[in-house]
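The values are calculated or read from the model by the stated rules, or taken from the named source; none is laboratory data. Nothing here was measured: the structure is a model prediction, and the numbers come from that model. Note that each Cβ is placed from the backbone with ideal geometry, even for glycine, and that neighbours are counted across all protein chains shown.
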Amino acid sequence: MNDAVINTGIIVAYALLGIAAVTAIIFPVFQLIVNFKKAKAALIGIGALAVVLFIGFGLSTNEVYEGFAVTSTQSQWIGGGIYATFILAGIALVAAVFTEVWKLIR
């Protein structure tokens, strides 16, 4: 195959990827604006997730161990992500147990 054909194909693929990415970002924002009342639950969920992430960030330390090429801020964000994962896993476990107990009572 000719290099010009391959380069053209790659450029077209990048252009289509860019269009898809822009569409994937703009369409939900447009729907959020048009149907704001229906989007309240999603916004509350996103806000709750942000709160959990910032709680995890606050619980983590900025301690950096030897042998890792990370800064203290990166270390704190990594620790915050780990704490947030533990918090969300705990919430999911409590919700699952509560749901099963609720089904037994009802």
Complete set of residues in region 77-106 that are more than 21 Å from the chain's Cα centre (by Cα) and of a type outside the set (Asp, Glu): Val94, Ala96, Val97, Phe98, Thr99, Val101, Trp102, Lys103, Leu104, Ile105, Arg106
Condition met for Tyr65 (modelled with pLDDT of 90 or more and on the phi < 0 side of the Ramachandran plot): no
Considering residues of region 27-72 that are assigned to a loop (DSSP other than H, G, I, E, B) and touching a residue at least 12 places away in the same chain (Cβ under 8 Å) only, the residue farthest from the chain's Cα centre (by Cα): Glu63
Tabulated pairs, region 80-106, first within 12 Å of Gly56 (Cβ to Cβ), second of a type in the set (S, T, N, Q) and at pLDDT below 95, C-beta under 6 angstrom, 6+ apart or interchain: Gly80/Ser60; Tyr83/Ser60
Test: Ala24 is among the small types (Gly, Ala, Ser), surrounded by 10 or more Cβ atoms within 10 Å (Cβ to Cβ), in a helix (DSSP H, G or I) and modelled with pLDDT of 90 or more: no
Filter result for the condition that a residue is touching a helix residue (DSSP H, G or I) at 6+ places or on another chain (Cβ under 6 Å) and either modelled with pLDDT of 90 or more or assigned to a helix (DSSP H, G or I) (or both), over Tyr14, Tyr83: Tyr83
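Which of the residues spanning region 31-40 are loosely packed, with under 10 Cβ neighbours inside 10 Å and modelled with pLDDT of 85 or more?
Ile33, Val34, listed by residue number.
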